[in-house]
Structure formats: C-alpha cells, structure tokens
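*Asks:* Have a look at this one.
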Amino acid sequence: MANISSVLLFFSLAVVLASLANAARTIKPNIENDSPFATRNYTKVCDPARFSDLGLDMNDFLYCDSSIEVDMRIKDLIDRMTLQEKALQLGDDAKGVIRIGLPEYKWWSEALHGVSDVGGGSSFDEIIPGATSFPTPILSAATFNETLWKAIGQAVSTEARAMHNLEHAGMTFWSPNINVVRDPRWGRALETPGEDPLVVGKYASNYVRGLQDIQGQETSEDPKHRPLKVAACCKHYAAYDVDNWVGVIRETYNAKVEERDMIETFQKPFEMCVLEGDVASVMCSYNQVNGLPTCADPQLLKETVRGKWDLNGYIVSDCDSVEVMVDRQRFLGYSPEDAVAQVLRAGLDLDCGKFSPDHVANAVLQGKIRVSDVDVALKNLYRFDNLGKDDVCTEENINLAIQAAREGMVLLKNEDQTLPLNLDEIKSLAVVGPHANATTVMIGNYAGIPCRYTSPLDAFKEATEVIYEVGCDTVSCKNESLIFPAMQAAQNTDATVLVVGIDLSIEAESLDRRDLLLPGYQRQLIEQVAMSAKGPVILVVMSAGGVDIEFAKNNPNIKAIIWAGYAGEEGGHGIADVVFGKYNPSGRLPLTWHENDYVNMLPMISMPLRPIDSLGYPGRTYKFYNGSVVYPFGCGLSYTTFNYNVEASKKMLDVNLDKFIKCRDLNYTQGVVKPSCPAVLIDDLSDCQIKINDLEFSVEVENTGDRDGSEAVLVYWVAPNGILDAPIKQLVAFQKVFVEAGRSTKVDFKLCPTKDLGLIDFQAYNLLAAGTHTIILGDNVASFPFSINIHNSEY
C-alpha cells in the first residue's frame with residue numbers, strides 16, 4: 001500500500017487540519033505497492049508531487065483547484081471518466097482512475113464498538129497491534145447515558161484517524177447497526193441498542209456524532225460539505241431482524257410489515273440517525289419489505305432517506321444485496337442489468353460487492369439506465385491532524401472502556417443486600433463457570449484485535465484469593481463431569497461468583513436462537529453449585545438477548561444476579577468493580593427478558609408488533625406485550641435508593657383548530673366515551689402553523705440511601721384510556737444523573753406533544769389524540785396526567 005498518510009478524500013474540506021485538503025465528505029484512497037508512487041508520502045490526493053510522479057500536471061485538473069466551488073470540482077472529476085471507469089467506482093473496492101489522478105479506495109471498514117478489521121479497510125500488525133474494544137452496543141445501551149455513547153464514538157474515531165494516518169484504516173466506517181430487536185431470538189441483538197426505537201435512535205445519533213463531528217464544526221451553512229473526522233453509516237434499512245430461523249434466511253426473507261409499524265418502529269431510528277446524527281451514509285438490507293427488495297425500493301430510498309430526511313451523503317447496499325436480488329430472490333426475473341438499473345433509479349449509490357461495477361456499463365448500453373443516473377450516484381459518493389500510534393489504546397480510552405463496562409452492568413437481584421461483597425470479610429472467592437475466564441467472548445462480533453483483555457478471573461484475582469473451576473468445558477456445556485470440582489470450590493470459599501451465559505455459537509449474525517434457555521448442563525451447574533456453596537452465590541450472565549433464568553431468580557441460594565452483556569476488553573473489571581462496590585450499578589435492561597414459552601407462542605417471522613388475536617399471537621416488546629416476563633425492559637437495581645418528586649408547569653393543553661383542519665376519528669374499546677373531536681392530524685397542525693406549547697416538567701431525584709449513585713430517569717407516555725392498539729406505554733425521554741448520598745438533583749424535561757405524544761393509527765396517520773394522557777416516571781415511581789382538549793370550529 002502506498003504511503004498516503006492523512007489523505008482526506010478526494011476533496012475533503014479539511015477534516016481535521018484545514019491545511020491537508022479541501023473537499024467534501026471524507027474517505028481515504030488506497031494505492032497498491034506497484035503504483036508509480038508507492039514509496040512516496042503524501043498528505044492529500046491533490047498533492048502536486050503526487051501528480052508529478054504520475055506524469056500529470058495537477059494544474060490541468062480543475063477538481064484540485066480549491067478556489068472553485070466544490071460541486072463544480074466534483075463535476076469536473078466525474079466528467080473526466082469514461083462510462084467503464086465510472087462503473088468501476090460503484091463498488092466497495094473502488095478501482096480509481098490513475099490517468100486522472102484518482103486513487104483506489106476500499107470503502108468498507110467497521111467500527112461497531114471499536115475499530116475492527118472486518119471488511120478489509122482496516123488492519124492490524126506490529127505497527128498497530130490492536131485498538132480499544134468497548135462493550136458491544138447492547139450493553140452500552142444499558143447505560144442510558146447519551147454523553148457516554150458520544151464519548152465512545154469520539155474515542156473510536158480518534159483511534160480510526162490515527163490508524164488512517166498510519167495507513168491501517170479507511171475513513172468510511174459502516175457502523176452502527178440500529179435495527180430494533182423485535183424478537184428475543186434474533187442473533188444480532190448484541191450489535192444493536194435494544195428494543196426501543198427512541199433508545200436506538202438516541203444511541204445512533206450520539207454515537208454517530210461522536211464518530212463524525214470535529215469540535216467546533218458540528219454544523220455548517222452547507223451541510224453537504226461539512227468536514228468530518230470519519231464517515232459513519234447507519235444500517236440495515238429497513239425492517240431487518242431475521243437472519244436464519246428454521247430455514248428462513250435474511251437474503252430471501254420477505255418482511256410483511258404494516259405501515260404503522262414501519263413508521264413508529266422500523267424507520268424511526270434511521271430517521272433520527274439522519275436528522276439528528278447527520279450520518280454520512282445509510283445501508284439498505286438484504287430482505288424484501290412487502291415484496292420489494294429494500295435496495296430497489298424508491299419509496300424507501302429516494303423518497304424517504306434522500307428526499308424526506310435529506311441525507312447528506314450516500315446510500316450503500318449490504319454486501320452483495322444487488323446480486324442476491326438476481327441469483328437468490330430471482331426478483332421479477334431481473335437480468336443483472338435490470339437489477340443494477342433498478343437500484344440506481346431507486347437511489348442506491350454504492351454496491352458492497354462487484355455486481356454493479358460489472359454490469360452498470362451494459363445496463364447503460366442496453367438503454368435500461370442513463371449515464372446521468374450513474375453520475376448522480378458518483379456525486380453522492382464524492383460529497384464529501386496529526387494523530388499516530390500513541391493515540392491508539394491510550395490509557396484514557398482503556399479507562400473509558402472500563403467505565404462503559406461498569407455503567408452497563410445491570411443488577412437484577414440483590415437479596416439481603418448481599419452485594420457489594422465486603423473484602424474485609426471475603427478472604428477467598430470461588431470463580432466458576434464457562435465464562436469465568438472469558439476473553440474473546442466479551443468483544444462479540446465485528447471486533448478487531450483489542451488492546452488487551454481483562455477477564456473476570458483476572459479482575460477478581462486482583463482483589464482477593466481465588467479458586468477457579470470452569471464447571472463446563474464450553475458454553476454448550478455437554479459434559480457434566482466438571483460440575484463437581486466447581487461444587488467443591490464453592491464449598492471451600494467465602495463466596496462464589498458463577499459466570500455463565502451464551503456466546504456467538506448461540507446468537508450471532510446468520511444464527512438466530514431457537515429458545516431462550518441456557519445451553520446444556522449450565523442450569524444444573526448453577527443449581528448444584530448454589531446448593532453446595534458455603535457463602536453467598538452471585539450469578540453473572542453474559543448474553544445479548546434475554547435468557548430465561550426464572551429458576552435462578554426464585555432460588556433463595558442465589559443471592560444476586562448481574563447481567564454483563566458482552567462487556568468489551570475490560571469486561572472483567574466492570575464485573576468485579578460492581579461485585580466489590582467500587583462502582584454502584586446503574587444499568588437498565590434495554591430489552592425485555594421473556595420466559596422461554598414466549599418463543600412457542602408465535603413464529604419469529606410474524607412481523608406485527610401488536611398482538612394478532614385471531615392467531616393467538618402476543619405482542620412484541622414492552623410496548624405491546626403485557627404477559628409475564630422474567631425481567632422487564634428498563635429493569636435495574638442499585639446499591640442505593642432514589643425517590644422522585646415531579647413538578648409540572650402545565651398539565652393541560654387546549655388545541656384550537658381553524659376551519660381548514662378536520663377532526664380525525666380513532667377506534668376505542670367498547671363502552672369508552674369518545675371525545676367530540678377525538679384527534680387531529682399532526683401534519684395539519686404544522687401545515688397551518690398552529691403552535692403547540694411544549695410540556696415542561698422537572699424531576700427532583702433524591703438519593704435516600706447511604707451510597708453515591710447514578711440513576712437513569714426513564715419517562716414514559718401512556719395514551720388516553722380506551723384507544724385501540726395504542727402502546728401499553730412508550731418511552732419518550734430519559735436522562736442519566738449522578739446523585740450523592742443524602743442529596744438531590746433536579747432534572748428538566750421538555751416534551752413536544754406533536755413529536756413525543758403522537759399516535760400512529762391503523763391507517764398510518766400520525767395523530768394527536770384528545771383526552772387524558774399520562775406521563776410515568778420509571779416503574780411507576782411517579783406519574784401525572786396531561787389533558788389535551790381539541791376544539792374544532794365546527795363544534
């Protein structure tokens with residue numbers, strides 16, 4: 001690879017140092033070793049010495065003239081290419097055009113929870129042996145801490161830029177994964193922020209801002225040319241959450257989705273990622289939605305992502321999705337040329353794969369698409385510091401990884417205030433279970449090489465004397481012969497920590513779960529060790545999706561339970577710090593932990609979130625499922641206690657409609673008295689410029705215990721009583737606050753009724769309903785009513 005350090009994409013507007021380049025959004029071209037300038041060190045593409053080494057005069061190329069408007073420079077570059085040359089830029093391995101000074105570029109890099117070597121755009125060796133591996137998103141989401149999410153993104157992008165400057169990373173990172181976990185069996189739950197669309201969207205926008213934003217340049221008069229630190233990508237759009245379930249695979253799955261579910265659940269995080277996060281890219285998924293491949297659907301791409309949301313960047317396919325349309329889905333009997341023509345017309349700009357580069361030119365020659373359509377895709381792609389080795393795996397970043405792991409730990413049970421363990425009393429500790437010495441398990445998938453590992457065993461050994469027994473040879477735990485030594489260890493120590501769970505052999509990309517149980521003899525291990533233990537037993541569960549551990553929840557011999565997710569390279573410290581009280585746990589579950597019987601109630605491929613009474617299918621997620629669970633969404637204990645006191649400035653809203661706005665009807669349960677004007681279309685209020693005042697309130701959070709601690713204040717909305725198909729409750733806001741013992745702090749909230757209290761009806765209209773709404777804090781710790789009265793001039 002050539003030495004083009006700190007290359008700022010074709011025409012970057014100086015992503016970090018203005019002196020490096022002038023351009024739009026940022027990527028790093030890639031030069032092979034046999035190129036004419038492989039041994040030279042260049043700071044940017046438009047370097048006169050670089051052009052000279054190519055036998056070119058940079059003055060002959062307008063696209064390198066920084067005095068010219070960026071759009072004109074992009075046009076100059078595109079106009080210089082032949083049709084075949086243009087086609088070769090439409091894949092993730094863009095070939096470049098050396099005759100005009102355009103280098104190759106590898107678009108695909110990953111940074112899901114740290115810089116990864118998946119995709120080929122980033123790599124590790126003796127120069128850069130590893131990068132900080134933070135907790136997987138499902139555990140980071142459990143912190144409910146927007147500041148932390150952004151800080152992790154900032155740390156990851158700093159390491160990415162440092163690696164880029166040392167030619168070990170690109171500048172386009174296809175992360176984060178922001179699909180909502182609709183079903184607890186989904187194998188990719190570890191990659192996502194959970195089951196709530198608001199949490200997923202807030203995580204996405206904060207993590208993306210952390211990756212992309214340059215301090216002081218977070219906004220721009222021309223957002224299409226805003227300089228970026230690196231370019232992020234929100235994926236996989238849309239309604240993708242089935243990988244491989246009893247023979248149903250993602251490549252050929254047709255997700256039959258109701259429009260209201262698309263609006264309020266499947267699209268909402270992507271809308272937030274684009275509008276609030278200003279993400280540089282959106283990736284469309286393999287699956288079809290209602291019979292149309294997502295990457296070929298103009299309503300999803302051109303009309304919504306590019307049009308309604310005004311994406312400032314490019315749309316890329318999941319890898320080989322265009323080829324899958326032809327070879328696997330056999331969509332409409334399309335030829336390769338038909339397929340590439342359709343996806344370009346629909347709004348796709350880049351194909352992760354070789355299919356489009358191989359067939360675009362023929363599609364043009366066959367008259368199926370215009371060259372101008374190809375030019376539009378290239379234009380979107382090209383719309384678009386001195387960091388080095390010492391900026392990777394820094395002590396600061398490793399400490400941030402420890403803090404993220406601590407904050408994500410969720411305390412699910414703590415009988416008799418067993419935790420935290422007192423090291424003055426606990427002189428010996430049994431650490432047993434298949435994950436007791438976990439390392440690679442903790443970094444999940446889409447991971448690179450971490451800076452180091454601290455396993456639970458390592459961390460506990462730092463604190464006290466430890467007896468270690470594995471208990472199971474693997475996570476599958478098919479050999480019960482190792483249970484007895486674990487029982488003996490528990491009999492001979494002052495306390496026992498059991499570390500169990502699942503891993504990527506159970507839940508992963510292309511591998512959905514069949515049940516929600518611990519595999520093999522793990523339950524037997526837990527119960528027999530708990531029965532034998534001399535001292536208190538603490539159960540630690542590593543997983544992404546929920547696990548039915550009702551047996552442990554109800555076992556009096558198991559005094560405490562901690563969910564540890566996949567906590568990254570420093571997961572061991574996160575666990576031990578919570579067990580010994582160095583950190584007061586504050587995490588909350590970002591998804592519901594169902595009983596195992598739930599998976600027998602409905603097939604994974606049933607897409608509606610609301611119950612289907614005619615089939616006996618229950619609802620999905622906490623918003624629509626009201627059956628019994630092991631642990632609910634938002635569950636999480638602390639070593640201290642908190643009280644809430646709510647003060648609302650206004651608890652009623654009058655909405656006066658003019659003659660141009662009509663009342664809208666809603667369906668109610670039998671016997672409920674319907675308001676004279678049940679609802680109003682929110683778009684009508686905006687179109688007619690009717691101002692709706694915000695709902696403002698404050699929550700005094702008082703720490704009534706004897707330990708300092710943090711509290712995630714979760715705010716839910718409940719629609720007026722009796723409205724059919726309304727959510728049971730819906731998260732509309734949250735904040736994380738730290739409160740010293742015996743002290744209190746005030747948290748202010750502001751809800752916009754037309755944004756936060758909107759109800760999607762069965763016709764997919766976004767309505768503001770009349771009646772008494774309810775705002776609930778946490779697990780109904782506090783609540784207050786909020787009445788909306790809609791007055792129509794006709795009544």
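*Asks:* Select from segment 645-661 the residues that are in a strand (DSSP E or B) and of a type outside the set (Gly, Ala, Ser) and write down the one among them that is farthest from the chain's Cα centre (by Cα).
*Replies:* Selected residue: ASN656.
Here's the yes/no breakdown for (1) buried (at least 24 other Cβ atoms within 10 Å of the Cβ); (2) in a loop (DSSP other than H, G, I, E, B):
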{"position": "ASP183", "(1), (2)": "yes, yes"}
{"position": "TRP186", "(1), (2)": "yes, yes"}
{"position": "ALA204", "(1), (2)": "yes, no"}
{"position": "SER220", "(1), (2)": "no, yes"}
{"position": "MET262", "(1), (2)": "no, no"}
{"position": "GLU271", "(1), (2)": "no, no"}
{"position": "ASP278", "(1), (2)": "no, yes"}
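*Asks:* Take VAL343 and decide whether it is aliphatic (A, V, I, L, M) and surrounded by fewer than 24 Cβ atoms within 10 Å (Cβ to Cβ).
*Replies:* Spelling it out, it is not the case that VAL343 is aliphatic (A, V, I, L, M) and surrounded by fewer than 24 Cβ atoms within 10 Å (Cβ to Cβ).
*Asks:* Return the residue satisfying two criteria in turn: it lies in segment 450-498 and is aromatic (Phe, Trp, Tyr) and out of contact with any Ser or Thr (no Cβ under 7 Å at 6 or more places or on another chain), and of such residues it is nearest to MET163 (Cα to Cα). Can you show your working first?
*Replies:* Kept after step one, since they are aromatic (Phe, Trp, Tyr), are these residues of segment 450-498: 453, 460, 468, 484.
Subsequent filtering for residues that are out of contact with any Ser or Thr (no Cβ under 7 Å at 6 or more places or on another chain) retains 460, 468, 484.
On the way: PHE460: 33, TYR468: 38, PHE484: 48 Å.
Among those residues, the one meeting the criterion is PHE460.
*Asks:* If ALA23 satisfies all but one of (1) modelled with pLDDT of 90 or more; (2) surrounded by 14 or more Cβ atoms within 10 Å (Cβ to Cβ), what's the number of the condition it fails?
*Replies:* Unmet condition: (1).
*Asks:* Follow-up. Please state which one of ALA459, ALA463, ALA430 is closer than 16 Å to ASP577 by Cα, more than 26 Å from the chain's Cα centre (by Cα) and open to solvent by less than 30 Å² (accessible area, probe 1.4 Å).
*Replies:* ALA459
*Asks:* Is it the case that some residue within segment 401-411 is touching a strand residue (DSSP E or B) at 6+ places or on another chain (Cβ under 8 Å), surrounded by fewer than 24 Cβ atoms within 10 Å (Cβ to Cβ) and part of a helix (DSSP H, G or I)?
*Replies:* No, every residue in segment 401-411 fails to be touching a strand residue (DSSP E or B) at 6+ places or on another chain (Cβ under 8 Å), surrounded by fewer than 24 Cβ atoms within 10 Å (Cβ to Cβ) and part of a helix (DSSP H, G or I).
*Asks:* Follow-up. Check LYS623, LYS674 and return the single one that is of a type in the set (Lys, Arg) and within 26 Å of PHE266 (Cβ to Cβ).
*Replies:* Details: LYS674 fails: within 26 Å of PHE266 (Cβ to Cβ).
Just one listed residue meets the conditions, LYS623.
*Asks:* Hey, another quick one. Which number in (1) in contact with a helix residue (DSSP H, G or I) (Cβ under 9 Å, 6 or more places away or on another chain); (2) open to solvent by less than 10 Å² (accessible area, probe 1.4 Å); (3) hydrophobic (A, V, I, L, M, F, W, C) marks the one condition that LEU198 misses?
*Replies:* Exception for LEU198: condition (2).
*Asks:* Taking the criterion of being touching a Pro at 6+ places or on another chain (Cβ under 6 Å) and not in a loop (DSSP other than H, G, I, E, B), would at least one residue in segment 414-435 satisfy it? Steps first, answer last, please.
*Replies:* First, the residues of segment 414-435 that are touching a Pro at 6+ places or on another chain (Cβ under 6 Å): 418.
Next, only the ones that are not in a loop (DSSP other than H, G, I, E, B) stay: none.
Checked segment 414-435: no residue is touching a Pro at 6+ places or on another chain (Cβ under 6 Å) and not in a loop (DSSP other than H, G, I, E, B).
Each row is one residue, and each column tells you yes or no for (1) touching a Ser or Thr at 6+ places or on another chain (Cβ under 8 Å); (2) surrounded by 14 or more Cβ atoms within 10 Å (Cβ to Cβ).
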residue: ASN693; (1), (2): no, no
residue: GLU696; (1), (2): yes, no
residue: GLY705; (1), (2): yes, yes
residue: ILE728; (1), (2): no, yes
residue: ALA769; (1), (2): no, yes
residue: LEU777; (1), (2): yes, yes
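*Asks:* Find all pairs meeting these conditions: Cβ atoms under 7 angstrom apart; at least six residues apart or on different chains; first residue within segment 108-120 and open to solvent by 10 Å² or more (accessible area, probe 1.4 Å); second residue not in a loop (DSSP other than H, G, I, E, B).
*Replies:* Here the result reads VAL118/GLU110; GLY119/SER109; GLY119/GLU110; GLY120/LYS106, each pair linking segment 108-120 to a residue that is not in a loop (DSSP other than H, G, I, E, B).
*Asks:* Here's a follow-up. Would a scan of segment 206-215 turn up a residue that is at pLDDT below 95 and either among the charged types (D, E, K, R) or in a loop (DSSP other than H, G, I, E, B) (or both)?
*Replies:* Looking through segment 206-215, at least one residue is at pLDDT below 95 and either among the charged types (D, E, K, R) or in a loop (DSSP other than H, G, I, E, B) (or both).
*Asks:* Something else about it: For residues that are over 19 Å from GLY565 (Cα atoms) and either among the basic types (Lys, Arg) or under 10 Å from the mean Cα position of the chain (by Cα) (or both), scanning just segment 134-181, find the one that is most open to solvent (accessible area, probe 1.4 Å).
*Replies:* Ranking the candidates gives LYS150 first.
Okay, residues lined up against (1) open to solvent by 10 Å² or more (accessible area, probe 1.4 Å); (2) outside any strand (DSSP E or B):
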{"site": "GLY545", "(1), (2)": "no, yes"}
{"site": "LYS559", "(1), (2)": "yes, no"}
{"site": "ASP577", "(1), (2)": "yes, yes"}
{"site": "GLY587", "(1), (2)": "no, yes"}
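*Asks:* What's the total number of residues in segment 222-242 that are open to solvent by less than 50 Å² (accessible area, probe 1.4 Å), at pLDDT below 90 and part of a loop (DSSP other than H, G, I, E, B)?
*Replies:* Of the residues in that region, 2 qualify.
*Asks:* Does segment 668-689 hold any residues that are of a type in the set (S, T, N, Q) and within 34 Å of the chain's Cα centre (by Cα), and which are they?
*Replies:* Of everything in segment 668-689, just one residue is of a type in the set (S, T, N, Q) and within 34 Å of the chain's Cα centre (by Cα), namely SER686.
*Asks:* Report, by residue number, each residue of segment 362-396 that is closer than 18 Å to ALA151 by Cα, surrounded by fewer than 23 Cβ atoms within 10 Å (Cβ to Cβ) and in contact with a helix residue (DSSP H, G or I) (Cβ under 7 Å, 6 or more places away or on another chain).
*Replies:* Matches in segment 362-396: LEU387, ASP391.
*Asks:* Do the conditions hold for ASN492, that is, is it surrounded by fewer than 24 Cβ atoms within 10 Å (Cβ to Cβ) and within 25 Å of ALA131 (Cβ to Cβ)?
*Replies:* No: the conditions fail for ASN492.
*Asks:* Anything in segment 599-617 that is among the β-branched types (Val, Ile, Thr), open to solvent by less than 60 Å² (accessible area, probe 1.4 Å) and over 16 Å from ILE728 (Cα atoms)? List them, or say none.
*Replies:* Within segment 599-617, VAL599 is the sole residue that qualifies.
*Asks:* Right, next: Quick check, is SER52 touching a Cys at 6+ places or on another chain (Cβ under 9 Å), at pLDDT 85 or above and among the polar types (S, T, N, Q)?
*Replies:* no
*Asks:* Still on this structure, please answer the following. Does SER123 satisfy the criteria of being over 30 Å from SER638 (Cα atoms), within 25 Å of the chain's Cα centre (by Cα) and buried (at least 24 other Cβ atoms within 10 Å of the Cβ)? Talk me through it step by step, then tell me what you get.
*Replies:* On the way: over 30 Å from SER638 (Cα atoms): yes; within 25 Å of the chain's Cα centre (by Cα): yes; buried (at least 24 other Cβ atoms within 10 Å of the Cβ): no.
No.
*Asks:* May I ask you to list the residues in segment 766-790 that are closer than 13 Å to VAL713 by Cα and assigned to a strand (DSSP E or B)?
*Replies:* Selection gives ILE775, ILE776, LEU777, ALA782, SER783.
*Asks:* While we're looking at this one, here's another question. Please go through segment 737-765 and give me each residue that is of a type in the set (D, E, K, R) and either part of a strand (DSSP E or B) or on the phi > 0 side of the Ramachandran plot (or both), ordered by number. Walk me through how you get there before you give the answer.
*Replies:* In the first step, residues of segment 737-765 are kept if they are of a type in the set (D, E, K, R); the result is 740, 743, 746, 748, 750, 755-756, 761.
The answer is LYS746, ASP748, LYS750.
*Asks:* Restrict the check to segment 709-723 and report whether at least one residue is closer than 13 Å to ILE788 by Cα, surrounded by 15 or more Cβ atoms within 10 Å (Cβ to Cβ) and in contact with a Cys (Cβ under 9 Å, 6 or more places away or on another chain).
*Replies:* No, the conditions are met nowhere in segment 709-723.
*Asks:* Out of (1) in a loop (DSSP other than H, G, I, E, B); (2) open to solvent by 20 Å² or more (accessible area, probe 1.4 Å); (3) closer than 27 Å to ASN206 by Cα, what's the single condition that is false for GLY671?
*Replies:* (3)
The values are calculated or read from the model by the stated rules, or taken from the named source; none is laboratory data. Note that the coordinates shown come from a computational prediction; the quantities given were computed from them, not determined experimentally. Here Cβ is always computed from backbone atoms with ideal geometry, including for glycine, and neighbour counts include all displayed protein chains. These area figures cover heavy atoms from the full protein model, side chains too; ligands, DNA and RNA do not enter into them. Shrake-Rupley method; radii C 1.70, N 1.55, O 1.52, S 1.80 Å.
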